[in-house]
Amino acid sequence: GLYPIRLEKNGSVSLEQYLAQLLSPEGSSGLILAQGGMGKTTLLLHTAMLRGKRYSPASPAVFYISLNGWDKADPQYIRRQILLRLRFKPEENTFDGAMHALEQLLAQPIKTREGLRPTVLLLLDGLNEVQGDIAPLVQEINVLKAMAGIRIAAASRSEIPELMLDAVRLM
């Protein structure tokens, strides 16, 4: 209540309404736009802390990843960041085995009474801070957002047309 987060998408919606739509069976990945200093990082961290507090097999796992350290030489940078935060079965004792298990996880949505929901909510912060040619990053994000088990909420100061993400504005 002390920090009401409102987004502009065909009218004003709360952060909870936006997340409910994003994670619904009909939802799609999105881009949160705002000028510098307006609270994009705070919004994503707030979401990660609230959504990541408790585990439920019927709701997605939440990963917050800052793109500040993005390595253009790593075509799987985001997936590698996710892998660093996971534990795997003993039989997945190689990088390739762990990456394969992650790909399977991201390809499988959660089956609920309401329909299929994502397994992972990926919060990507600082798209506008990435330096140099961002084509490899855009390609990885597009690969990830096409997977049935993942939804992305990314934050940037400006739209990135190549990502084809539904944009909302932070009010």
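The values are calculated or read from the model by the stated rules, or taken from the named source; none is laboratory data. These numbers come from a predicted model, not from an experiment. So basically every Cβ, Gly included, is an ideal-geometry build from the backbone, and we count neighbours across all protein chains shown. Remember, those area values only see protein heavy atoms, side chains included, never the ligands or the DNA or RNA. Shrake-Rupley method; radii C 1.70, N 1.55, O 1.52, S 1.80 Å.
Condition test on residue 42, is it surrounded by fewer than 16 Cβ atoms within 10 Å (Cβ to Cβ), of a type in the set (Val, Ile, Thr) and closer than 26 Å to residue 156 by Cβ? Considered against the rule, which asks whether it is surrounded by fewer than 16 Cβ atoms within 10 Å (Cβ to Cβ), of a type in the set (Val, Ile, Thr) and closer than 26 Å to residue 156 by Cβ, residue 42 comes out as yes. Tell me which residues, restricted to the range 46-58, are surrounded by fewer than 17 Cβ atoms within 10 Å (Cβ to Cβ) and in contact (Cβ under 8 Å) with a residue 40 or more places away in the chain. 46, 57, 58 - these are the residues of the range 46-58 that are surrounded by fewer than 17 Cβ atoms within 10 Å (Cβ to Cβ) and in contact (Cβ under 8 Å) with a residue 40 or more places away in the chain.
Would you confirm whether any residue within the range 10-22 is open to solvent by 40 Å² or more (accessible area, probe 1.4 Å), over 20 Å from residue 145 (Cβ atoms), part of a loop (DSSP other than H, G, I, E, B) and not small (Gly, Ala, Ser)?
Step one: filter the range 10-22 for residues open to solvent by 40 Å² or more (accessible area, probe 1.4 Å), giving 10, 12, 16-17, 20-21.
So of that shortlist, the ones also over 20 Å from residue 145 (Cβ atoms) come out as 10, 12, 16-17.
Filter once more, keeping what is part of a loop (DSSP other than H, G, I, E, B): 10.
Next, only the ones that are not small (Gly, Ala, Ser) stay: 10.
Checked the range 10-22: at least one residue is open to solvent by 40 Å² or more (accessible area, probe 1.4 Å), over 20 Å from residue 145 (Cβ atoms), part of a loop (DSSP other than H, G, I, E, B) and not small (Gly, Ala, Ser).
Matching residues to (1) within 19 Å of residue 66 (Cα to Cα); (2) aliphatic (A, V, I, L, M):
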| residue | (1), (2) |
| --- | --- |
| 87 | no, no |
| 91 | no, no |
| 95 | no, no |
| 112 | no, no |
| 139 | yes, no |
| 147 | no, yes |
| 152 | yes, yes |
| 155 | yes, yes |
| 160 | yes, yes |
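Per the listing 111, 72, the residue uniquely out of contact with any His (no Cβ under 6 Å at 6 or more places or on another chain), open to solvent by 80 Å² or more (accessible area, probe 1.4 Å), under 20 Å from residue 29 (Cα atoms) and not polar (S, T, N, Q) is 111.
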